[in-house]
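Read the structure below first, then the notes.
No lab work stands behind these numbers, since they all come straight from the coordinates. Being a predicted model, the structure only gives us computed values, none of them experimental. A quick note on method: Cβ atoms are made from the backbone with ideal geometry, for glycine too, and the neighbour counts reach across all protein chains shown.
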Amino acid sequence: MGSFANLPVRGRGALFVALATACSSRALLPLPDAATIEAASIEATTDTVAIPPHGSRLLVFYLLGPQDEAVPGVVMHFSILDDADTPGSGGAQLSFSSALTDGDGAVTLQVIAGDGGSDQKPLTFKVEASAEGVEHPPEIPIFVTTSALATVEILPVFPDHSTSDVTATNIYFYDDTSCASVSLAHPAPPMRLVQTLSLDDPPATFTNVVTSGVHAILGLAVDNNQKVVAQGCSDLLGASLSSAQPMLVRLPLAWIYPSPAGSFHAVSQFSLVPPLPGTVSAQDTWKDLSSDACDPARLWLDCTIDALSGDSAEDPLDCQPVPGGEGTLGALLADRRAASGGSSTCATELDGSGRPSLDAKVYALFPTASLAALQLKELPNELGNALTSLTVQSTLTVTANGPPNAFNIDHALTAVELPNAAVPSLMAMTTLAPSVWEAAFVPGVSQAGELDIGLHSFTLQLGSAARFTFAASSLAPRLRVNVADVSAFVGALTNLATRKENGTTLLGCDALDSLLCSEVGQARGCVSAACLSGMQALIQRLDASFAALDGQDLDFFLSGLAPIVDRDGDGYADALGSNTDAAASSSSTLAGPGLWLSIFKSRAGTTNVYGSWTSERASAPGQ
């Protein structure tokens, strides 16, 4: 709908003539010889009209063509539209129901008011002007009132925040209505035309505002997809207005953010660089399998000899023989060990008397090609690489907690993965079976489009996860064993050792017993039991290397923040944290992954680690 200021000069002159002649002269100008211009729109000289009871006002309507040119000699029709919330128009009348447009495409209509409202409130109705070919005929609000009238200018005000998403703001003015009666989600059409402002436009102007009662002013800011991104409603006291000058009203708008309520599948990524406490010690333990030229034979001998004296506080069974503390047999075997500072090639290592050492002889029990294929030197590196990154899968269930923007969050870990392992594998929490993998009633607060999640904790047992992954990805494939654990690996490794005795092929401890007993002149079976005990000690030593990464109880603490992303504009989050950049998201000014501040507590120490996370909605609230 246009305004008087926007009318062509020709139209303004016609208005002045019409106002001067009023109803005394309604003679239409002669029709042109050929009216060939098609009607496209109708404009009025005012947006609203206020009339005292039983009074009258003139309205001028212009019929315009596609290029805003006047369309003369065409019938324009007029009718009264009663407001649905009022009992009627109070007996209002129009001077006629139809008329031909004059040479300027204009028709001057007289609106005659009837009775006003019985409760001193303005009586409202509309006058519609229509013509053939006009798709959107204007409807002019009419207020029948005895109150003084004022002009109000509305300027939307945004919070301290980028307005780059806002393309326009729609201003709704509801006469004699409070904001309590206005639906912000689905606003009803007001009597007055909704005015649309861009960011640089001057304030929206509303005239003929009654200076009594309460008026509601609603602002809805939309983006380029017509999604409402900010809104606000303010009550305007009519008594605060002055008919002498316009009042500028600043309308505060608040950004609209979706609710984070719902259930979400989350994936969290943690970089464990520099290494967590306990990682280096675990690597050092696995280096023992390849730190000497005669390994793993040297380490196997250490464990076997150490087991000869059993397990005691003075000499624990830890694969580290105590000189002179392993009994007579232990002394005999120790005399035949490789002398310190020996050759870098195991086959040439000698004992103290210059004979081939037991280390070299036990090493010779292993097929050279088989040991080379195992690449035992790579095990510490593979373990270190596996512990450089952690992926955690979990479920977050977010429910409203009464106060605005407050939520309860139930966070349950479902699976973990060490993605940099030689062969990554996803481990369900039910497989690892930690004592606490669910955290309930975690406090959450939604603010400025982000969900702030309070501190909560779990029993993650990273060492147990590393043990499981390392066995499955690095140990089992090397020896083609079906059981992915340290025990199966040690058993398969020692069984590579073979020795012929009286035409029989001996494996593992039998091969070791046959060799050592013959070398020191002892009866067969002299180290058989010690070998088995030593293997168990080696298994425990390697297995315990992961224990330093486990905490005593609760060992994984999280607190976090994530953008609330609503892609479909339904008011609920489709994601908490997203891989979508803000520039590519049409639904939110905030995007990108969420952030975790995590604390890893282990027997070896405590470390703070930052992590990122994304999640996708699994179900909406109540589903």
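A few comments on the model shown:
- The dipole here belongs to the chain: it is taken about the Cα centre, uses +1 on the Cβ of Lys and Arg and -1 on the Cβ of Asp and Glu, and is about 880 debye.
- Remark: Ile37, Ile142, Ile42 ranked as Ile37, Ile42, Ile142, counting other beta-carbon atoms within 10 Å and listing the fewest first.
- In the chain, a dipole from Cβ-located charges (positive for Lys and Arg, negative for Asp and Glu) runs towards its positive end, and of Met191, Phe441, Gln536 it is Gln536 whose Cα lies farthest in that direction.
- Counting neighbouring beta carbons within 10 Å and listing from fewest to most, the residues Tyr610, Tyr62 come out as Tyr610, Tyr62.
- For the stretch 533-539, 3J(HN,Hα) per residue [Karplus equation, 6.51 cos²θ - 1.76 cosθ + 1.60, θ = phi - 60°, Hz, x = Gly/Pro]: 5, x, 5, 5, 5, 5, 4
- Lysines whose Cα lies under 27 Å from that of Lys361, excluding same-chain neighbours fewer than 8 positions away: Lys287, Lys377, Lys500
- Largest to smallest principal axis extent of the C-alpha atoms in the chain, angstrom: 142, 52, 37
- Cα radius of gyration and Dmax for the stretch 144-194 (Å): 14.3, 45
- Long-range tail of P(r) for the stretch 273-330 (Cα pairs > 13 Å, %): 65
- Rh (Kirkwood; distinct C-alpha pairs) - the stretch 149-255, Å: 13.9
- Estimated [θ] at 222 nm from DSSP helical runs (n ≥ 4, -39500 (n - 2.57)) normalised by residues in the chain, nearest 500: -5500 deg cm²/dmol
- What you get for the stretch 414-493, charging only the Cβ of Lys and Arg (+1) and of Asp and Glu (-1), is a dipole of about 480 debye around the Cα centre.
- Ratio of Rg to Rh over the stretch 448-598 (Cα coordinates, Kirkwood Rh, two decimals): 1.34
- Rounded to the nearest 5, the antiparallel percentage of DSSP beta bridges internal to the stretch 92-215 is 100%.
- Simple rule: put +1 on each Lys or Arg Cβ and -1 on each Asp or Glu Cβ in the chain, find the dipole, and look at Tyr610, Gly560, Leu512; the Cα lying farthest toward the positive end is Leu512.
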